[in-house]
Amino acid sequence: MKALSEKLLGGKQGAIALAILAMVLFVIFPLWLDSFRLSMLGKYVTYAFVSVSLVLLWGNGGILSLGQGIFFGLGGYCMAMFLKLEASDPVSTKIQTTPGIPDFMDWNQITALPWFWEPFKSLPLTLILILLIPTLLAFIIGFAMFKRRVGGVYFSIITQAIALILSILIVGQQGYTGGVNGITDLKTLLGWDIRTETAKYVLYYVNVCLLILSIMLARYIITSKFGMLLLAMRDKEERVRFSGYDVSDYKIFVFCVAAMISAIGGAMFTLQVGFMSPSFVGIVPSIEMVICAAVGGRMSLIGAVYGTLLVNFGKTMFSETYPELWLFLMGGLFIAVVMFFPDGLAGVYDKYSKNFKLGELLAKFNKNTVKRIGDML
């Protein structure tokens, strides 16, 4: 039991870091931010799922995917399809030519619900598909690439191309996907209005809980024998292969796990924000997610979360203050971090925490305090 907890929490230091992150997200931010800003923070937390998946995939496995937005978007679309069907009951859509189907289908003269929308009438089946569909696609991509030993920059370019193809496909099939506008006007979850302020708070806390669980899952994988093999494959892939391990199988597995974690973030994004569009599936959001992981530290699960929050808060602040310059400011932030802090925020913390020992500082403070009190007496 102790060994299991150490793997999930990462030992004493890992447990402390996770506890601090939980306190920041559960207590400090909700007390400090108003409901509008907290809702924005909830959106940023959904991006952190992708950053955590990239630490597992890129930081430890050496597999740079520039298409994680694919799986984030698929998870979001699965949840959006369920919510849209619930909002498209015959009573609410009675003014349509064909009541009971989503409005964008009616606008495109589709007279019956497509067969692939049918499973999303059930919430339990939708939750399964949120995990299954992105994982299955990741398996197909991984099997096709890794079994043929496609890796490095070639794999990154291919994932970019797949993200572009999928976003174009979603936009082109407007009658089935909502097109460029995406799936909007999402109102309730099993009759519960997700647009209220109370709902935003509840969804935020659910979001944070799922993120903490995802971090623990990723940490368990990293600290296991499988995680050691990932690091070995990242540094000396041929040596691992000559040792008798099928490198491709391990790569496929970690790629599938990363896709599943990203999909959970996408589903929570839909619930938190209330829509899903193809703009979250393409190349740009995928690259932004890589930047978040790099800023936080691609070897640190906790650092990746802080990096995601920092980048997105900076993006919001820059766009509000300097709407014409914020892209340049964000680019400058990324370049500065890569040049001066190549290991991200986590690397900065590791570097300076060695010279700053809190326990010794407190002991010195207590000793001086006792001495001063003695002098006063």
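Exposure proxy for TRP107, TRP115: other Cβ atoms within 10 Å of each Cβ, ordered fewest to most, give TRP115, TRP107. Considering the chain, its Cα convex hull presents a mean projected area of 24.5 nm². Just to confirm the number: angle between the C-alpha axis of helix 225-235 and the first principal axis of the chain, 0 to 90 degrees, nearest 10? Between the helix axis and the principal axis of the chain, the angle is about 90 degrees. Rounded to the nearest 10 degrees, the inclination of helix 344-353 to the longest alpha-carbon principal axis of the chain is 20 degrees.
Using a Gaussian network for the chain with springs between C-alpha atoms less than 10 Å apart, which of these wobbles most: MET233, MET299, MET289? Answer for the Gaussian network model of the chain: MET233. When the Gaussian network model of the chain links Cα atoms closer than 10 Å, the mean-square fluctuations of MET276, MET81, MET23 top out at MET23. Per-residue Cβ neighbour counts within 10 Å put ASP235, ASP103 in the sequence ASP235, ASP103, beginning with the fewest. Of the residues ARG195, ARG298, ARG219, the one that moves most in a GNM of the chain with alpha-carbon contacts below 10 Å is ARG195. In the chain, helical runs assigned H by DSSP with n ≥ 4 each contribute -39500 (n - 2.57); averaged across all residues and rounded to the nearest 500, the mean residue ellipticity at 222 nm is -23500 deg cm²/dmol. Cα convex hull, segment 173-270: 155 Å³ per residue, rounded to a whole number.
Relative contact order, whole percent, for the chain stands at 31, derived from Cα pairs under 8 Å and 6 or more residues apart. If you take all other residues with their beta carbon under 10 Å from the beta carbon of PHE104, and give Lys and Arg +1 and Asp and Glu -1, the sum is -2. Ranking of TYR220, TYR154 by neighbouring Cβ atoms within 10 Å, starting from the fewest: TYR154, TYR220. Ranking ASN108, SER248, LEU166 by Cα position along the charge dipole of the chain, where only Lys, Arg, Asp and Glu carry charges on their C-beta atoms, puts SER248 farthest toward the positive end. Averaging Cα coordinates gives a centre for segment 300-329 and one for segment 162-195; these two points are 26 Å apart. Between the listed residues VAL55, ALA80, PRO119, the Cα displaced farthest toward the positive end of the dipole of the chain, a dipole computed from Cβ unit charges relative to the Cα centre, is found at VAL55.
Output the 0 to 90 degree angle, nearest 10, between the alpha-carbon long axis of helix 283-296 and the longest principal axis computed from the alpha carbons of the chain. With both axes taken from Cα atoms, the answer is about 10 degrees.
Just so you know, all these numbers are worked out from the coordinates, no wet-lab data involved. Not measured: the values here are computed from a predicted model. All Cβ positions, even for glycine, are placed from backbone atoms using ideal geometry, and neighbour counts span all protein chains on display.
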